[in-house]
1. Could you run the Karplus curve 6.51 cos²θ - 1.76 cosθ + 1.60 with θ = phi - 60° over region 33-47 and give me ³J(HN,Hα) per residue in whole Hz, x for Gly and Pro?
2. Could you give the length gained on full extension between THR114 and ARG24, defined as 0.36 nm per residue of separation minus the Cα-Cα distance, in nm?
Amino acid sequence: MTSDRPLLEAAVRGNAAAFDQLVRRHTVRMYRVALRIVGDPVEAEDVVQDAWISAWRALPRFRGEAAPSTWLYRVVTNAALAHLRRKKPTVPLESAPEPRTSDGPEASLLRNETTDVVLRAIAELEPTQRVPLVLRELEGLSYEEVAEVLGIAVPALRSRLHRARVALMAKLGEQR
């Protein structure tokens, strides 16, 4: 499998097939991020479409300083935040289906209910708290990658994440 950097560099030079390959590789991940930020599947699809249009238009300005995946996370995050600013107020997050396990039905039901509660609580956070939490905890990006996506320093990110976790715990405590 070709890495993303040569594909992105080819896309910058005008190779539409390379850009199409990037779209196929990253749309699912971008959709997942958008869904967890905006909370609605249809709106998340719109956000991803907007993000890909923005990415296409921004190709000539891509400097190659960030990894292609980090750059795409930034593009979809910015598109989702722009969508939220236009929309107000946010819609509660519907949970994305989680992978099934071989546990019994009771354990699976309890895990799904817990996941739903946590995802709804995350959806109620302010975007400045929700976005870093989604990227770090749900998408598994490193602190450095999340800081780069958000355009902030790692210590500032750690502070935002701490506030987000405290707010999340408070929201989860309210739901008991």
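Since every read-out is calculated from the coordinates, none of them should be taken as a lab result. The structure displayed is predicted, hence computed values, not measured ones.
1. 5, 4, 4, 6, 8, 8, x, 9, x, 5, 5, 4, 4, 4, 4
2. Numbers: separation 90, 0.36 × 90 = 32.40 nm, distance 3.16 nm.
Stretched out fully, the THR114 to ARG24 stretch lengthens by 29.2 nm.
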